[in-house]
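Undergrad: Quick one: the structure is below, and I'll ask about it shortly.
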Amino acid sequence: NRQFRLAARPVGMPKPTDWQLTEEALAPLQDGEVRVRVLYLSLDPAMRGWMNEGKSYIRPVAIGEVMRAGGIGVVEASNSPHVAVGDTLTGSFGVQQYWTGPVDAKAAAAMKIDPALAPLPAWLNVLGMPGMTAYFGLTDIGQPKAGETVVVSAAAGAVGATVGQVAKQLGCRAVGIAGGPDKCRYVVEELGFDACIDYKAGDVPAGLKQHCPQGVDVYFDNVGGDILDAVLARINLKARIVICGAISQYNNTTPVRGPANYLSLLVNRARMEGMVVFDYAARYPEGVQRLGAWLQAGAIKSREHVVEGLDHFPDALAMLFEGKNFGKLVLKVTDD
Ligand code: NDP
């Protein structure tokens with residue numbers, strides 16, 4: 001069983017020496033345990049945060065521990081009455097070839113999925129954690145109403161793409177912010193957003209002025225930094241800002257920078273609220289049902305960027321922070 005373990009806490013961007021590639025024999029199964037052969041792993045910006053020491057919404061990965069990662073796999077052996085050999089599961093399997101652990105009635109560690117509903121990588125995207133983040137973050141915290149303007153950053157990425165597509169389904173105007181002409185074209189032409197602002201080409205404030213003539217009612221923030229400040233300058237009365245992530249700040253070696261324009265919240269009686277997808281775990285079936293129906297009807301799309309081979313994990317993870325992923329970044333560990 002090949003595994004990537006955290007060797008050191010990174011300073012800034014993770015380096016190759018922050019990882020240790022190990023190999024160990026598979027342990028025999030205990031009562032209630034199953035062995036899963038990992039097929040796909042989800043590579044997420046949040047992984048950068050899990051590598052840091054300190055209090056967060058989840059405990060840090062310990063030095064020497066297998067790196068935490070969500071995944072999809074197939075059951076190769078089962079001592080659990082709840083799953084059978086051949087079942088497809090999703091769970092927090094870690095960056096390794098095989099996961100061994102208990103599967104109980106509550107499916108706390110790993111949950112069965114229906115591979116017939118969508119291709120497996122989509123279960124790490126629209127039907128997985130990013131999709132749930134987009135759906136519950138937008139509907140529960142953003143609370144968009146038809147006719148309102150929803151702006152989302154990292155719009156060509158996993159969470160952002162679904163946020164904008166769901167906003168369109170709910171009758172909103174959807175405006176994306178993404179890096180580069182290819183991503184912006186995709187966001188408008190393939191995903192059906194009303195507009196997309198290329199922040200790498202320059203003037204985000206001018207783009208917001210042009211594409212949000214009625215102001216911004218909901219901002220779904222994936223990036224923080226200057227883009228957050230630019231949007232704050234254009235919010236409407238009672239606007240809702242979903243603090244989903246701040247990828248522009250994750251590799252800072254100086255403290256995270258908060259918004260300079262925060263008094264816009266006061267002037268506009270607006271609010272900013274953080275969200276953590278895991279709080280919605282009990283409602284994932286509702287999210288899967290709603291997003292799955294749109295996906296099957298062709299109303300929304302799920303695009304994945306698949307990198308092949310467990311050994312590429314460190315380089316693949318870095319792609320997220322360089323904008324090199326086009327769609328949800330997935331690592332293919334073995335063939336289905
Ligand atoms: P993406 O698929 O969107 O990939 C990350 C993208 O972020 C890159 O492709 C890049 O797109 C953009 N990016 C990278 N660096 C910067 C930068 N300095 N400034 C602006 N944009 C940048 O990732 P996810 O959809 O998985 O995650 C998006 C956000 O959602 C992250 O902040 C993540 O932490 C957060 N998240 C939060 C969750 C929660 O529960 N709160 C759960 C899941 C995700 P581009 O080329 O357009 O720059």
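The values are calculated or read from the model by the stated rules, or taken from the named source; none is laboratory data. Just so it is clear, the structure is predicted and the values come from calculations on it, not from any experiment. Heads up, the Cβs are rebuilt from the backbone with ideal geometry, glycines too, and the neighbour counts pull from every protein chain shown. Each accessible area value is taken on the protein alone, full model and side chains, heavy atoms only, with ligands, DNA and RNA left out. Shrake-Rupley method; radii C 1.70, N 1.55, O 1.52, S 1.80 Å.
Undergrad: State the percentage of accessible surface on the chain attributable to carbon and sulfur atoms; use a 1.4 Å probe and exclude ligands, DNA and RNA.
TA: Working: 7820 of 14750 Å².
Solvent-exposed carbon and sulfur of the chain make up 53 percent of the total.
Undergrad: Quick test of your reading: applying the under-4.7 Å Cβ rule, which cysteines of the chain are isolated?
TA: Singleton cysteines: Cys172, Cys212, Cys244.
Undergrad: Sketch the reach of a paramagnetic label on Met13 as a point 7 Å from Cα along Cα-to-Cβ, and name the residues of the stretch 197-236 whose backbone nitrogen lies under 17 Å away.
TA: Answer for this model: none.
Undergrad: Sticking with this one: Over the chain, what relative contact order in percent results from Cα pairs under 8 Å that are six or more residues apart? The partial results should precede the final answer.
TA: Numbers: 737 pairs, mean separation 59.4, N = 336.
Result for the chain is 18 percent.
Undergrad: Work out, step by step, the length gained on full extension between Glu308 and Asn52: first 0.36 nm times the residue separation, then minus their alpha carbon distance; give nm to one decimal. Don't jump to the answer; show the numbers that get you there.
TA: Numbers: separation 256, 0.36 × 256 = 92.16 nm, distance 2.66 nm.
Full-extension gain reported as 89.5 nm.
Undergrad: May I ask you to compute the full-extension gain from Glu322 to Asp335, defined as 0.36 nm times their residue separation minus their alpha-carbon distance, rounded to one decimal in nm? Kindly include the intermediate steps, with their values, before the conclusion.
TA: Details: separation 13, 0.36 × 13 = 4.68 nm, distance 2.74 nm.
The Glu322-Asp335 span can extend by a further 1.9 nm.
Undergrad: Using the beta-carbon distance between Asn251 and Ala206 and R0 = 22 Å, what value does 1/(1 + (r/R0)^6) give for FRET efficiency, to the nearest 0.05?
TA: Values: r = 28 Å, r/R0 = 1.26.
With a Förster radius of 22 Å, E is 0.20.
Undergrad: May I ask you to order 13-26, 292-305, 147-160 by the average number of other C-beta atoms within 10 Å around their residues, highest value first? The partial results should precede the final answer.
TA: Numbers: 13-26: 13.3, 292-305: 16.6, 147-160: 27.8.
Listed from highest to lowest mean packing, they are 147-160, 292-305, 13-26.
Undergrad: Ranking request for peptides 62-69, 127-134, 325-332: highest mean number of other beta-carbon atoms within 10 Å first, then the rest in descending order.
TA: 127-134, 325-332, 62-69
Undergrad: Give me the one-decimal Kirkwood hydrodynamic radius in Å for the stretch 62-201, with the sum taken over alpha-carbon pairs. The partial results should precede the final answer.
TA: Details: mean 1/r = 0.0587 Å⁻¹.
Kirkwood hydrodynamic radius for the stretch 62-201: 17.0 Å.
Undergrad: What distance in nm lies between label points placed 7 Å from Cα along the C-beta direction at Glu189 and Leu266?
TA: Output for this residue pair reads 4.6 nm.
Undergrad: Another one. Which length gain, in nm to one decimal place, applies between Ala281 and Leu117 when the Cα-Cα distance is subtracted from 0.36 nm times their residue separation?
TA: Working: separation 164, 0.36 × 164 = 59.04 nm, distance 1.98 nm.
Computed gain between Ala281 and Leu117 is 57.1 nm.
Undergrad: What aspartates and glutamates could a cross-link reach from Lys112, if we take a straight Cα to Cα line under 15 Å and drop same-chain neighbours fewer than 8 places away?
TA: By straight Cα distance, Lys112 reaches Glu33, Glu76, Asp87, Asp104.
Undergrad: If each DSSP helix of 4+ residues adds -39,500 (n - 2.57) and the sum is divided by the residues in the chain, what number results at 222 nm, nearest 500 deg cm²/dmol? Working shown, then result.
TA: Working: 9 runs with 75 residues, N = 336.
Calculated from helices alone, the mean residue ellipticity at 222 nm is -6000 deg cm²/dmol.
Undergrad: If you don't mind, another one. Could you do me a favour and compute the accessible area per residue for the stretch 129-278, 1.4 Å probe, result in Å²? All intermediate terms of the calculation are to be shown ahead of the outcome.
TA: Details: 6080 Å² over 150 residues.
Dividing the accessible area of the stretch 129-278 by its residue count gives 41 Å².
Undergrad: Towards the positive end of the charge dipole of the chain, with charges on Cβ (+1 Lys, Arg; -1 Asp, Glu), say which of Ala299, Thr253, Tyr199 has the farthest Cα.
TA: So the residue furthest toward the plus end is Tyr199.
Undergrad: Return the lysines within reach of Lys145: Cα separation strictly under 26 angstrom, same-chain partners fewer than 8 residues apart disregarded; answer none if there are no such residues.
TA: By straight Cα distance, Lys145 reaches Lys168, Lys209, Lys238, Lys301.
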